[in-house]
Amino acid sequence: MKKALICLDVQEEFLGQSLDYIATLCQRYLNRSGDDYDAVVLTHWVYPELEGKDTLMLSHPKALVVGKSTFSGLTAEVQQLFQEKGIEEVHVAGIDAEMAVLATMFSVVDAGYKVKILERLVASYHGRNWESMTIARHAIGTENVIPLGGDRVYV
């Protein structure tokens, strides 16, 4: 089964508030496991105040970097990539659990892909990670919210 990874909005201005660890965890996971995926997508939220500045904190040699201005990371460009690569399963990680992660999860399900949330690579601005992951477990099944990618991080 061909798999893709979407890491959502891990960018400088979205960290702080005890979220700094998520960039380190996601980058470690990309370094260790990114090549195991048939497609890697890194999204970053684009808004006028950025004035073209790149604040994305993740990288991977085969990653498609996609700017977005909606909560879902499943943009038309990403859908096209998934179709070209024959993707069947999508793994989701990143910021923000209660908005972008859930929106992407629902978009991916609606588009007909199998989806898994990498729970240890998801962060919430509002301390609501557990609630968001409860919603995800209810929507896609407990077996699809998986404890991959977590590690100790000292910041």
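The values are calculated or read from the model by the stated rules, or taken from the named source; none is laboratory data. Bear in mind that the values here come from a model prediction, so they are computed numbers and not experimental data. Heads up, the Cβs are rebuilt from the backbone with ideal geometry, glycines too, and the neighbour counts pull from every protein chain shown. Calculation scope for accessible area: heavy atoms of the full protein, side chains included, ligands and nucleic acids excluded. Shrake-Rupley method; radii C 1.70, N 1.55, O 1.52, S 1.80 Å.
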| Is at least one residue of segment 101-124 of a type in the set (Phe, Trp, Tyr), assigned to a helix (DSSP H, G or I) and open to solvent by 20 Å² or more (accessible area, probe 1.4 Å)? | yes
| request: Considering only residues that are part of a helix (DSSP H, G or I), open to solvent by less than 10 Å² (accessible area, probe 1.4 Å) and modelled with pLDDT of 95 or more, look in segment 68-99 and name the one that is farthest from ASP54 (Cα to Cα). | output: PHE82
| field | Pairs, first without any contact (Cβ under 8 Å) to a residue 12 or more places away in the chain and more than 18 Å from GLU12 (Cβ to Cβ) in segment 27-43, second aliphatic (A, V, I, L, M) and open to solvent by 60 Å² or more (accessible area, probe 1.4 Å), C-beta under 6 Å, six or more apart | value | none
| message | I'd like to verify a number: residues in segment 33-48 that are at pLDDT 95 or above, of a type outside the set (Ser, Thr, Tyr) and not in a strand (DSSP E or B), how many? | response | 4
| Counting just the residues of segment 5-32 that are modelled with pLDDT under 90 and in contact with a His (Cβ under 7 Å, 6 or more places away or on another chain), which one comes out surrounded by the most Cβ atoms within 10 Å (Cβ to Cβ)? | ASP9
| Between a first residue in segment 107-128 that is more than 20 Å from GLN27 (Cβ to Cβ) and modelled with pLDDT under 95 and a second residue that is of a type outside the set (A, V, I, L, M, F, W, C) and not in a loop (DSSP other than H, G, I, E, B), which pairs have beta carbons less than 7 Å apart while being 6 or more apart in sequence or on different chains? | HIS126/GLU98; ARG128/GLU98
